[in-house]
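The values are calculated or read from the model by the stated rules, or taken from the named source; none is laboratory data. None of these values were measured; they are calculated from a predicted model. Backbone-built Cβ (ideal geometry, glycine too); neighbour counts: all protein chains shown. Protein only, heavy atoms only, side chains kept; ligands, DNA and RNA dropped before computing areas. Shrake-Rupley method; radii C 1.70, N 1.55, O 1.52, S 1.80 Å.
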Amino acid sequence: MQKPLLWIAFHLPEELLEPIKAYVDVKMWRDTEVDMPQQEFETAAYEADILWTVVSNRVTADVIKRAPKLKMIANLAVGYNNIDIEAAREAGIIVTNTPDVLADTTADLAFALMMMAARRTLEGARALYQGQWTGWQVLGMTGTDIHHKTLGIIGMGTIGELVAKRATGFDMNVIYHNRHEKDNAYGAQYRSKEALLQEADFIIVLTPLTAATRNLIAKEELALMKKSAMLINVARGGIVNEHDLYDALVNGVILAAASDVFVEEPVPTSHPLLTLPNFTALPHLGSATVETRLAMVSRNVESLRAYFHNETIPFNVI
Ligand code: DGY
C-alpha cells in the first residue's frame, strides 16, 4: 500500500524522524541556510498528504485550496498565525502545534532582551568589536536599571506569567493587561491597556498575532508611553507597528525598543529599525535552545504518531 507523503518544509536531522519514518514517505527542504521559498512550499503543499511547517511557511487559504490531498499540518511552533485556520477547518485539515514546552525558554529570552535594551549591551558590544571602546567614563554607555522598576506585560498567557515570575526576582513591580483578569499571576496587577502604557517603565508584548492584535501597539499607544520607557516584542511581528515604532524611536517618544520578531522574516538588513542605536534586534530566537527545540519536535512527532495510529491527536489546534 502506498504510504502518505510527509513534506517537511524545513531541514530536520534524519534521526528525529525515527519514530514515524515507517509510516510515511518523506520529502524535505534540506537547505540549512535558507528558508524554503514560498513558491516551492506551495508546490510541496500540492503534493503532500501531510505538511510539517515552521512559522515562515505561509499556509494561506489559497495554498489550502490548491492542496487536494492535504489532511494534516504539524506546525513546529506554539503560534499558528502562519496558517489560515478557518480555511483549514473548512477543508477538514487537522492542525497541530507545540504547546507548553517553550514557555520557560521564551520567557528567558524576553527577559534577556529587556536587559539588553536596558543596559545597551548591543551598542556596547558593537563599539568594542568595532574598536570604538576608548575607555571607562563615568557616564559612558550608561543604561537604565530594571530592578525596582515597573514592568508591564501585554498578553498574560503562560509565557507572560513566567516573565512575571522572573521579574519578581528582580524586585520589579509587575502589571499586566490581558483579555481576562487572572487570579494568580505571580503578584502582577491587572491594568487597562491605556493605564499599563502610561505606568510601565518596560513593556513586553506577548499576545498571539490575530486580526484583533495586529498593530496593537501603534502611534497612539506609543504616545501614551513614558518618554523613558522601553518596548520589547517577543511575540510576533505586526503586533507592534514597525513604521510607527521607528518614528517613535527617532523622535524620542520612547527611549528604546527591542524585538525578536519582525513583519518580514528573515528581516532584511536594509530594515530602517536596524539603523537605530536605540533598537536591539534578535533573529526570532525565543524558543531557540536545543532542549526546547527537541521538545517541540517531540510534540509534533506525538501528534503524527497518533494520526498514523488512528488515535486522538494530542496537540491539535483544530
Ligand atoms: C512559536 O513557537 O510560536 C515560536 O515563535 C517559534 O519559535
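General observations
- Hey, Ile64 open to solvent by less than 40 Å² (accessible area, probe 1.4 Å), touching a strand residue (DSSP E or B) at 6+ places or on another chain (Cβ under 9 Å) and away from the ligand (no atom under 12 Å from the Cβ) or not: yes
- Only one of the numbered conditions (1) over 14 Å from Gly286 (Cβ atoms); (2) open to solvent by 40 Å² or more (accessible area, probe 1.4 Å); (3) within 16 Å of the ligand (Cβ to nearest atom) is not met by Val95, and that is (2).
- Filtered by the rule that a residue be within 12 Å of the ligand (Cβ to nearest atom) and open to solvent by 10 Å² or more (accessible area, probe 1.4 Å), segment 107-129 gives a lone residue, Leu109.
- Some residue of segment 71-83 being loosely packed, with under 15 Cβ neighbours inside 10 Å and either away from the ligand (no atom under 16 Å from the Cβ) or modelled with pLDDT of 95 or more (or both): no
- The set of residues from segment 228-281 being out of contact with any strand residue (DSSP E or B) (no Cβ under 8 Å at 6 or more places or on another chain), acidic (Asp, Glu) and in a loop (DSSP other than H, G, I, E, B) comprises Glu264, Glu265.
- Here Ala229 fulfils each of the conditions (1) of a type in the set (Gly, Ala, Ser); (2) touching a Phe, Trp or Tyr at 6+ places or on another chain (Cβ under 6 Å); (3) crowded, with 23+ Cβ neighbours inside 10 Å apart from (2).
- Which numbered condition Tyr23 misses (of (1) among the hydroxyl-bearing types (Ser, Thr, Tyr); (2) touching a residue at least 40 places away in the same chain (Cβ under 8 Å); (3) within 24 Å of Thr292 (Cβ to Cβ)): (3)
- For Met156, the criteria (1) open to solvent by 30 Å² or more (accessible area, probe 1.4 Å); (2) more than 21 Å from Met116 (Cα to Cα) hold in every case but one, which is (1).
- Options Leu245, Leu274, Leu249; residue that is over 17 Å from the mean Cα position of the chain (by Cα), open to solvent by 20 Å² or more (accessible area, probe 1.4 Å) and in the same structural domain as Met230 (by TED's automatic domain parsing): Leu274
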